[in-house]
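Remarks on the structure that follows.
Just so you know, all these numbers are worked out from the coordinates, no wet-lab data involved. Every value quoted in this text rests on a predicted model; they were computed, and no experiment measured them. Every residue, glycine among them, receives a Cβ derived from its backbone with ideal geometry; neighbour counts consider all protein chains shown.
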Amino acid sequence: MDYWIALLLNAISFGMVLFLLSAGLTLTLGTMRLLNLTHGSFFLVGAYVTFELERHGVDLALAWGAAVLATALCGAVVFVLLRPTGEDHLRQTLLTFGVLFVIADAALVIVGGDPAILPRPGFLEGTLDLGLLDYPKYRLFLVAVGLGMAGLLFWFQYRTRAGMMLRAVVDDPEMARGVGINPTVLAAVTFVVGAGIAGLSGALGGVLLGAFPGVDLQVLLFALVVVIVGGAGSIGGALAGSVVIGLVNTVTIAFAPGLALFSMFGVMLAILTLRPQGIAGKALA
């Protein structure tokens with residue numbers, strides 16, 4: 001029984017890392033109709049910034065904040081680079097694909113090719129007695145951060161004027177433009193904030209997933225699957241998709257590691273067959 005509870009908690013904690021990673025990607029796809037292939041690079045930047053700053057004596061909480069700001073700045077730069085492409089989505093996607101490799105090579109030159117071991121705060125070391133089992137404090141912390149971010153994004157999307165405008169752009173950008181909403185401004189804010197959240201996923205989730213050359217492509221694959229399963233433009237869909245993929249991946253690795261990718265794509269195929277727009281998504285206009 002303890003084993004199954006631990007497995008479930010592992011799946012949820014991994015799912016929360018995936019949620020932090022994919023939340024910005026799903027909103028970017030919803031608002032800009034852009035498949036941002038640079039998103040995995042934001043995870044890498046967040047992880048490496050945290051690693052380097054902590055290694056040079058910066059307080060870990062400040063390093064996490066700096067990681068978020070650094071990736072948000074990267075997001076702003078990428079958004080500016082995208083502006084000349086207009087609404088040519090193919091050119092935009094190809095540009096983000098190229099930027100992904102530029103960031104990866106820059107990180108390799110600056111940090112090197114050795115895997116970075118990311119730290120965790122001292123108060124999150126060890127385990128916490130949950131009654132039925134002792135469970136790592138850091139994984140529980142990830143669950144709390146993920147759920148907290150989900151609550152914050154839900155509040156923003158459904159309880160603020162800007163969030164309602166964002167949902168209007170996701171549902172029908174032309175109609176939103178017709179009533180005076182500026183989709184470009186919303187897209188810019190969404191892109192930058194999404195990059196910052198992805199950087200936070202790297203700063204926190206890098207402890208579980210690691211930080212090394214190539215991890216950007218690995219996490220990008222996870223994020224894309226989550227967005228497809230959950231549905232573009234939906235925070236609820238991103239949360240549901242993250243938990244589903246986290247559960248499928250964790251259970252498969254526990255019992256049949258060689259089928260981990262197969263099972264993940266199998267779930268994605270099943271969702272696409274039964275509900276092409278994803279669990280909570282809508283067909284993009």
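In table form, for the structure just shown:
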| quantity | calculated |
| --- | --- |
| The chain: most fluctuating residue of F262, F212, F191 per GNM, C-alpha cutoff 10 Å | F262 |
| Modelled FRET efficiency - R0 22 Å, F262 with L217, Cβ distances, 0.05 increments | 0.75 |
| For I110, I12, I197, order by how many other beta-carbon atoms lie within 10 Å, fewest first | I110, I12, I197 |
| Whole-number percent relative contact order across the chain, with pairs defined as alpha carbons under 8 Å at least 6 apart | 37 |
| Protection proxy ranking, peptides 199-210, 169-180, 118-129, 19-30, average beta carbon neighbours within 10 Å, highest first | 19-30, 199-210, 169-180, 118-129 |
| Largest-first ellipsoid semi-axes for region 130-244, taking √(5λ) over the Cα gyration tensor eigenvalues, angstrom | 30, 17, 13 |
| Per-residue ³J(HN,Hα) for region 135-145, Karplus 6.51 cos²θ - 1.76 cosθ + 1.60, θ = phi - 60°, Hz, x for Gly and Pro | 10, x, 4, 5, 5, 5, 4, 4, 4, 5, 5 |
| Interatomic Cα distance distribution for the chain, bins of 10 angstrom, percent | 7, 29, 36, 22, 6, 1 |
| Percent RCO, i.e. relative contact order, over region 1-148, from Cα pairs under 8 Å lying at least 6 residues apart | 32 |
| Whole-angstrom gap from region 49-72 to region 94-170, using each part's C-alpha centre | 14 |
| J(HN,Hα) series, region 67-72, from Karplus relation 6.51 cos²θ - 1.76 cosθ + 1.60, nearest Hz, glycine and proline x | 5, 5, 5, 5, 6, 4 |
| Magnitude of the charge dipole, the chain, Cβ model with Lys/Arg +1 and Asp/Glu -1, debye to 20 | 680 |
| Using alpha-carbon coordinates, inclination of helix 235-255 to the longest axis of the chain, degrees | 40 |
| P(r) histogram, all alpha-carbon pairs of region 185-285 included - 10 Å bins from 0, percent | 15, 41, 35, 9, 0 |
| Karplus 3J(HN,Hα) series, Hz, for region 33-45 with 6.51 cos²θ - 1.76 cosθ + 1.60 (x for Gly, Pro) | 6, 10, 8, 7, 7, 7, 4, x, 5, 5, 4, 4, 4 |
| Region 185-285, relative contact order in percent, only Cα pairs under 8 angstrom and at least six apart counted | 29 |
